[in-house]
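What follows is a short report on a single structure.
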Amino acid sequence: MRNVAIVGIGMIKFGELWTKSLRDLCVEAAQNCFTDAGTNRVDSLTIGCMSSGLFNGQEHLASMVPDYLGLKHVPATRVESACASGGLAVRSAFIEVASGFTDFALAIGVEKMTDVSVNDATFALASAADQDFEAFHGITFPGLYAMLARAHMDRFGTTREQLAQVAVKNHANGALNPNAQFPFPVTLETVMNSTMIADPLRLLDCSPITDGAAAVLLTTVEEAKKMKKYPVVEITGIGMGTDTIALSHRRDILKLDAVDLGVQRALKMAEKTINNIDFAEVHDCFTIAEIMVLESLGVVKQGQGGPATMDGLTALNGKFPVNPSGGLKAKGHPVGASGVAQICEIVEQLRNNAGKRQIAEARTALAQNMGGSGGSCVCHVVERR
Amino acid sequence: MVGIIGYGTQIPRYRIKVEEIAKVWGADPVALKRGLNLNEKSVPAPDEDCATLSVNAARNALRRAGITPSEIGAVYVGSESHPYAVKPTGTIVSEALGACPYVHTADLEFACKAGTEGMFIALQLVQSGSVKYALAIGADTSQGAPGDALEYSASAGAAAYIMGKEKVIAELIDTHAYMTDTPDFWRREHAHYPEHGGRFTGEPAYKKHITGAVEAILEKTGMKPSDFQYMIFHQPNGKFPVQVAKSLGFTEPQYRYGLLTPMLGNTYSGSSPMGLAATLDEAKEDELILLVSYGSGAGSDAFVFRTTERLAEIRDLAPKVRTQLDTHKTYLQYGVYAKFRRKIRKQE
């Protein structure tokens, strides 16, 4: 297996991008990526997108995206694993390069979510839940994560304030990220008094509906060394795990097995432990998700995610910074793009290029991208060489 | 000199509070009031519609203008709640006022902009010399779908303006329109309630068009925001107009009289014209007023008026907006409101 490096990243400003279409988002992110890499060589293209069919009435992205990127005739694949589609796209591109099948692989994550009403967007997102056992009965993701939050509060004494602190911390980071949808801080009071969505989750516990795209260009470490534009940043570990799609079928409602497995597999491949990781970008689709993922990573014991967040462990200047980008909460959550955007943030940090949100001496980072209520999870360990 | 020679308004006496509607739908009234800057809205009585509101508003305008109704050469009624799909409101109104038969009448419809459309046309007709007086009315008894965000704002009311060349109370300085094909809010034929694009109605719709119209008329007239004593923007809620006003450099004293939605709701075609009336109720002589409407679909009409010394003379000849808004209010519970608004299906 060949070693794989990230030689280009392309982010765009996330938000309600009324004047930009699905294809515009892809083109803009890819162009930013080519500019960053200093090359537009693409031998193979992977697109992560959760539901362009329901959001835009557009399938067949494996033709449309290369067409509008000026890459027609290039082999392209669309992958889907709900909100983990972006992470899965990076994983697929990695496998192509690592296997020797492809030298330069571009991974794009995209979601254009504001072309439909909020009801239609909620329906599209709910299609990542179990249609027979969950969505059919009317529950949507805020409700599913609210049940996780309730159970976590009940079993471990996690508090409303601790949930809110996740949003406060991520908004503080997002305020330093020019590409964030919500680049402003919020107070604990604002989060705790925001509109109730699904008790105990309030509006500011939830990641938003976002338009966005992100792209990364992968090649071999050997090729990357020749390019000399940036220090070589290598993907040293990849782990994916899956679990039951329905929350009610889990062995324990508070065990995210897919995340546990994804993390363990990625760390094992990278020959690392969590103690070797300097910071992480994690899937905070809801505040409770970040707390539970923190526990799955093994940074704290199960049940300690809330107090640790309150104590500042995961703050930008904490011992284990989480979501320096602002996370899905403040940066925005264009579902198919989020996993790729996490990698973009990690590369910015490892290049020492993250401006005001730079984590000092960051050399090794972990990205954790999750689908649905934890039915799938893709993790990456990324290191600066 | 061409401009407004008389104005009048009509607001139904019935009101419903945001809390009362929110209670029914399990919504959070505190968040709604804070988020939309809405407290209560007017509700038409069962025997009030776009035509009766228009007639009452126009009668108040006639009282101030002091002209004979038969001298009115044109009557335009702008509304999205005309009582008939086919059969004009304008004929009912013209007949009731005594303006028939030598009068040109048209019903206009452009979401919340139809009222100022009538004003735009009326002013140009008078300016051209084609008619001596022209009457323009913005009137609506709008409906939001039960439980929809619009149900908290869609209200009822009318504002009427008579345009002429003599005894002008507010001289027209200039107009400018700003229009694009932007589908942010619509109602298909036979549909009872409108649909809307949610947050799409904000930035790319309301804000873009109001801003476009303001910037265009400022450039055309060579004026700047601080030149105006007063400004009125269309008010779908109490939040949007304040946000856009501030972003353009206007300040609270400039919209303090014209911002009515927090206590009136959105009277749609009557909204910005009603705000202008409330401003004329308070303005002094030789003051500049900027009026900018917004209609979904989408477009904005911008007007610059300068008040004259005659305004003070005729102001008290008809009820002021604040009088209609603040006195003789009757609060409804949701059940009676639902009956009044024909939301309850029954044997006819």
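The values are calculated or read from the model by the stated rules, or taken from the named source; none is laboratory data. Treat the numbers as computed from the prediction; the structure is a model and nothing was measured. Cβ placement follows ideal geometry from the backbone for every residue including glycine, while neighbour counts extend to all protein chains displayed.
Taking the range A:196-245 as the region of interest, how many residues are touching a Gly at 6+ places or on another chain (Cβ under 8 Å) and either farther than 22 Å from A:N170 by Cα or in contact (Cβ under 8 Å) with a residue 60 or more places away in the chain (or both)? Break it down stepwise before answering.
In the first step, residues of the range A:196-245 are kept if they are touching a Gly at 6+ places or on another chain (Cβ under 8 Å); the result is A:198, A:207-208, A:210-217, A:227, A:229, A:239-245.
In the following step, the residues that additionally are either farther than 22 Å from A:N170 by Cα or in contact (Cβ under 8 Å) with a residue 60 or more places away in the chain (or both) were identified as A:207-208, A:210-217, A:227, A:229, A:239-245.
Total satisfying the criteria: 19.
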State all residues of the range A:14-26 that are surrounded by 17 or more Cβ atoms within 10 Å (Cβ to Cβ) and either farther than 13 Å from A:G212 by Cβ or within 14 Å of chain B (Cβ to nearest Cβ) (or both); if no residue qualifies, say none. A:G15, A:E16, A:L17, A:W18, A:K20, A:R23
Among the residues of the range A:179-231, count how many are under 28 Å from A:I6 (Cα atoms) and among the charged types (D, E, K, R). 7
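Please note which helices (runs of 4 or more DSSP H) are completely contained in the range B:230-348 and include at least 3 residues that are at pLDDT 95 or above and over 14 Å from B:T9 (Cα atoms).
On the way: elements: B:240-248, B:252-255, B:261-264, B:271-280, B:310-314, B:321-326, B:334-340.
Passing ranges, in order: B:240-248, B:252-255, B:261-264, B:310-314, B:334-340.
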Pick from the range B:192-230 the residues that are touching a residue at least 60 places away in the same chain (Cβ under 8 Å) and over 19 Å from B:Y294 (Cβ atoms): which of them is surrounded by the most Cβ atoms within 10 Å (Cβ to Cβ)? B:Q229
Considering only the range A:328-344, I want to know if a residue exists there that is assigned to a loop (DSSP other than H, G, I, E, B) and in contact with a Cys (Cβ under 8 Å, 6 or more places away or on another chain). yes
A:T187 - would you say it is of a type in the set (S, T, Y), closer than 24 Å to A:R357 by Cα and either without any contact (Cβ under 8 Å) to a residue 24 or more places away in the chain or not assigned by TED's automatic domain parsing to the domain that holds A:G241 (or both)? yes
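Restricting the search to the range B:176-186, which residues are buried (at least 16 other Cβ atoms within 10 Å of the Cβ) and within 13 Å of B:G297 (Cα to Cα)?
So the first thing to find is which residues in the range B:176-186 are buried (at least 16 other Cβ atoms within 10 Å of the Cβ), and the list is B:176-179, B:182, B:184-185.
Hits for the range B:176-186 are B:Y178, B:M179, B:T182, B:D184, B:F185.
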Conditions (1) touching a Phe, Trp or Tyr at 6+ places or on another chain (Cβ under 9 Å); (2) within 14 Å of chain B (Cβ to nearest Cβ); number of the one not met by A:G8: (2)
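Going by what's in this entry, would A:T309 be described as buried (at least 22 other Cβ atoms within 10 Å of the Cβ) and part of a loop (DSSP other than H, G, I, E, B)?
Working: buried (at least 22 other Cβ atoms within 10 Å of the Cβ): yes; part of a loop (DSSP other than H, G, I, E, B): no.
Against the criterion (buried (at least 22 other Cβ atoms within 10 Å of the Cβ) and part of a loop (DSSP other than H, G, I, E, B)), A:T309 does not qualify.
Can you find a residue in the range B:273-291 that is at negative phi and touching a Cys at 6+ places or on another chain (Cβ under 7 Å)? Even if it seems obvious, please write down each step before you answer.
Start the filter on the range B:273-291 by keeping residues that are at negative phi, which leaves B:273-285, B:287-291.
Subsequent filtering for residues that are touching a Cys at 6+ places or on another chain (Cβ under 7 Å) retains none.
Looking through the range B:273-291, none of the residues is at negative phi and touching a Cys at 6+ places or on another chain (Cβ under 7 Å).
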Please tell me if A:L188 is over 22 Å from B:G35 (Cα atoms) and either surrounded by fewer than 21 Cβ atoms within 10 Å (Cβ to Cβ) or not small (G, A, S) (or both). no
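Name the residue, out of A:R363, A:R385, that is at pLDDT below 95 and over 25 Å from A:S51 (Cβ atoms).
On the way: A:R363 fails: at pLDDT below 95.
Exactly one of A:R363, A:R385 is at pLDDT below 95 and over 25 Å from A:S51 (Cβ atoms), namely A:R385.
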In the range A:101-121, the residues that are touching a strand residue (DSSP E or B) at 6+ places or on another chain (Cβ under 7 Å) and within 14 Å of chain B (Cβ to nearest Cβ): A:K112, A:M113, A:T114
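Taking the condition within 14 Å of chain A (Cβ to nearest Cβ), on the phi < 0 side of the Ramachandran plot and at pLDDT 95 or above, does B:K208 pass? Lay out the reasoning, then the answer.
Details: within 14 Å of chain A (Cβ to nearest Cβ): yes; on the phi < 0 side of the Ramachandran plot: yes; at pLDDT 95 or above: yes.
For B:K208, the condition - within 14 Å of chain A (Cβ to nearest Cβ), on the phi < 0 side of the Ramachandran plot and at pLDDT 95 or above - is met.
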Spot the failing condition for A:T140; the list is (1) under 30 Å from A:R78 (Cα atoms); (2) β-branched (V, I, T); (3) at pLDDT 95 or above; (4) out of contact with any Pro (no Cβ under 7 Å at 6 or more places or on another chain), and only one is missed. (3)
Given the criteria surrounded by fewer than 22 Cβ atoms within 10 Å (Cβ to Cβ) and in contact with a helix residue (DSSP H, G or I) (Cβ under 8 Å, 6 or more places away or on another chain), does A:M1 qualify? yes
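Filter the range A:53-75 for residues that are of a type in the set (G, A, S) and part of a helix (DSSP H, G or I) and give the result.
Across the range A:53-75, the qualifying residues are A:G53, A:A62, A:S63.
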Taking the range B:144-168 and keeping residues within 19 Å of the chain's Cα centre (by Cα) and in a loop (DSSP other than H, G, I, E, B) leaves B:G144, B:S153, B:S155
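Sort through A:F123, A:F136 and tell me the only one that's within 23 Å of A:T242 (Cβ to Cβ) and assigned to a helix (DSSP H, G or I).
Details: A:F123 fails: within 23 Å of A:T242 (Cβ to Cβ).
Of A:F123, A:F136, the one residue that is within 23 Å of A:T242 (Cβ to Cβ) and assigned to a helix (DSSP H, G or I) is A:F136.
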From the option list B:L36, B:L53, single residue qualifying as within 19 Å of the chain's Cα centre (by Cα) and at pLDDT below 95 is B:L36
When you scan the range B:149-163, do you find a residue that is over 26 Å from B:N56 (Cβ atoms) and within 14 Å of chain A (Cβ to nearest Cβ), even just one? yes
Failed condition for B:I169, given (1) modelled with pLDDT under 95; (2) of a type outside the set (G, A, S); (3) touching a Ser or Thr at 6+ places or on another chain (Cβ under 9 Å), with all others met? (1)
Scanning the range A:271-326 for residues that are out of contact with any strand residue (DSSP E or B) (no Cβ under 7 Å at 6 or more places or on another chain) and among the charged types (D, E, K, R), the one nearest to A:A367 (Cα to Cα) turns out to be A:D284
Qualifying positions in the range A:345-385 - out of contact with any Asp or Glu (no Cβ under 7 Å at 6 or more places or on another chain), in a helix (DSSP H, G or I) and under 21 Å from A:C33 (Cβ atoms): A:V347, A:E348, A:Q349, A:L350, A:G355, A:R357
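Suppose the filter is crowded, with 20+ Cβ neighbours inside 10 Å, within 14 Å of chain B (Cβ to nearest Cβ) and either basic (K, R) or outside any loop (DSSP other than H, G, I, E, B) (or both); does A:V166 pass it? Before you say what the answer is, go through the steps one by one.
Values: crowded, with 20+ Cβ neighbours inside 10 Å: yes; within 14 Å of chain B (Cβ to nearest Cβ): no; either basic (K, R) or outside any loop (DSSP other than H, G, I, E, B) (or both): yes.
Answer is no for this residue.
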(1) away from chain A (no Cβ under 14 Å); (2) modelled with pLDDT of 95 or more all hold for B:T180 apart from (1)
Checking A:P324 against (1) surrounded by fewer than 24 Cβ atoms within 10 Å (Cβ to Cβ); (2) in a loop (DSSP other than H, G, I, E, B), the condition it does not meet: (1)
The lone condition A:A98 fails out of (1) within 14 Å of chain B (Cβ to nearest Cβ); (2) closer than 30 Å to A:N32 by Cα is (1)
